[in-house]
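Reading through the structure tokens given below for one structure.
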Amino acid sequence: MHLSPVPAEAHWTWERPNGSCLDVAWQCHGEATDQSEQDTAQAMVLVHGFGASSHHWRHNLPVLGKYTRTYALDLIGFGASSQPRALLPGERPGPDQADGSEALTYSFDLWGMQVADFCKEVVQRPVVLVGNSIGGVVTLRAAQLLGNRCKGVVLIDCAQRLMDDKQLASQPAWMAWIRPLLKLLVSQRWLSSALFRNAARRSVIRSVLGQAYPSGANVDDELVELLYRPTQRNGAAEAFRGFINLFDDHLAPDLFKNLHQPVHLIWGEKDPWEPVEEAHRWAETFPCIQSIFVLPDKGHCPHDEQPEKVNKLLVQYFKNIKH
């Protein structure tokens, strides 16, 4: 079967239910001609984590695209997609929008709907969703919205969102005392902007990558630049502000309860932020989770730290997920 050509990089105008429009950057690989109709009937869609973009799948897109058409998109607020002003509960939209877009509330419903609509309007075929970090929660929400259009989900070090209000019982007792002050502080745009600008430096990014990639593999100048460049856009601090104020939003376990699609977990054993022990508990608790594969000595982004192994796993899961 021949796959019709599509641009390697493109932009899609996302028309939202309220009539507003947002610009979404995306990439696609997949011009293979030697696969059967069955192999290419469904596509793979990759969803990045916090602070990243579709380019974080740099070692995955070209390889997976040889097997089936594979897409990656920039979530709203990240990469080259629109970066609207963050609107928190109780705030009124201001006149000075960062990119001309209407102010909005950053949330997993927003990103989940973005991915679901992208699959319907751009991909236009059944999909297997793959998400890293917060992209994992996004794919779970998108899978719910897509229903039968989504055939399966692969979570790579899915975000556990330990600072959510619903996780308070698992936090130290003193956290309940400082939480109101913490919420007040991070809601202040001057503070969130200052924190963001401090973090949006090449030296800081490289330091954080040293934690996220324990083996040090593939932490190169290209990776630092692909994470650094989007932080220099005018509205880059807005998604940061919106995200750090998400204290009551979707958690993966709650989404698992209402999920009918098969789920596979890939996890870095030494992830410094999302403990692998919790992933094992998920696998033992929720029937939708069919497997868990732990990568020794790898961290939060094993798809980039050990792409050869992760690519093989993704192709294997893609084959096993029924069309």
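Tabulated data for the structure shown
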| read-out | value |
| --- | --- |
| Tabulated pairs, region 201-227, first free of Cβ contacts under 8 Å to residues at least 60 places away in the same chain, second in a helix (DSSP H, G or I) and open to solvent by 70 Å² or more (accessible area, probe 1.4 Å), C-beta under 6 angstrom, 6+ apart or interchain | V224/R202; V224/R206 |
| Hits in region 172-195 (condition: open to solvent by less than 40 Å² (accessible area, probe 1.4 Å) and outside any helix (DSSP H, G or I)) | S187 |
| Region 240-261 residues that are closer than 14 Å to A142 by Cβ, paired with ones that are open to solvent by 40 Å² or more (accessible area, probe 1.4 Å) and in a helix (DSSP H, G or I) (beta carbon under 7 Å, 6 or more apart) | H250/R141; L255/R141; L255/Q144; N258/Q144; L259/Q144 |
| Test result for L226, within 27 Å of L22 (Cβ to Cβ) and in a helix (DSSP H, G or I) | yes |
| Given (1) open to solvent by less than 10 Å² (accessible area, probe 1.4 Å); (2) modelled with pLDDT under 95; (3) under 20 Å from the mean Cα position of the chain (by Cα), index of the condition E9 fails | (1) |
| Qualifying residue in region 286-307 (condition: part of a helix (DSSP H, G or I) and either open to solvent by 30 Å² or more (accessible area, probe 1.4 Å) or free of Cβ contacts under 8 Å to residues at least 12 places away in the same chain (or both)) | no |
| Of all residues making up region 184-234, the number that are closer than 24 Å to C158 by Cα and basic (K, R) | 1 |
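The values are calculated or read from the model by the stated rules, or taken from the named source; none is laboratory data. Computed from a prediction, not measured in an experiment: that's the story for all the values here. Glycine also receives a Cβ, built like all others from the backbone with ideal geometry; neighbour counts cover every protein chain displayed. For accessibility, only protein heavy atoms count, side chains too; no ligands or nucleic acids. Shrake-Rupley method; radii C 1.70, N 1.55, O 1.52, S 1.80 Å.
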